[in-house]
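To start, the structure under review is shown below, and the notes come after it.
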Amino acid sequence: MRWLTPQPQQQQIEEGALAKLVLVAEDERNLVEALSFLMQRAGYEVSVAQDGPTAVAMARALRPDLVLLD
């Protein structure tokens, strides 16, 4: 079996372009901070929900491009 290691890619957002939105649904503060940092560093806008019902409401309202949850 051969494991493939993803190569880091730098995403650059053109000036004036809208950033993709990521919703982080997590109640552990350290994980929220780490995920938010990494996503923002990659050029994404990040919103955070600290519980399931809030995450569902935010996902419906914001229509994020990606939801990260545990």
Quick one: what pairs do we get from segment 18-29, first residue within 16 Å of THR54 (Cα to Cα), second outside any loop (DSSP other than H, G, I, E, B) and open to solvent by less than 10 Å² (accessible area, probe 1.4 Å), C-beta under 6 Å, 6+ apart or different chains? ALA25/ALA49
Taking segment 1-41 as the search range and keeping residues that are among the polar types (S, T, N, Q) and modelled with pLDDT of 70 or more, which one is surrounded by the fewest Cβ atoms within 10 Å (Cβ to Cβ)? ASN30
Residues (hydrophobic (A, V, I, L, M, F, W, C), open to solvent by 50 Å² or more (accessible area, probe 1.4 Å) and outside any strand (DSSP E or B)) located in segment 42-70: VAL56, ALA57, ALA61, LEU62
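The values are calculated or read from the model by the stated rules, or taken from the named source; none is laboratory data. Fair warning: this is a prediction, and the values are worked out from it, not measured in the lab. All Cβ positions, even for glycine, are placed from backbone atoms using ideal geometry, and neighbour counts span all protein chains on display. With ligands, DNA and RNA removed, areas are computed over all heavy atoms of the protein, side chains included. Shrake-Rupley method; radii C 1.70, N 1.55, O 1.52, S 1.80 Å.
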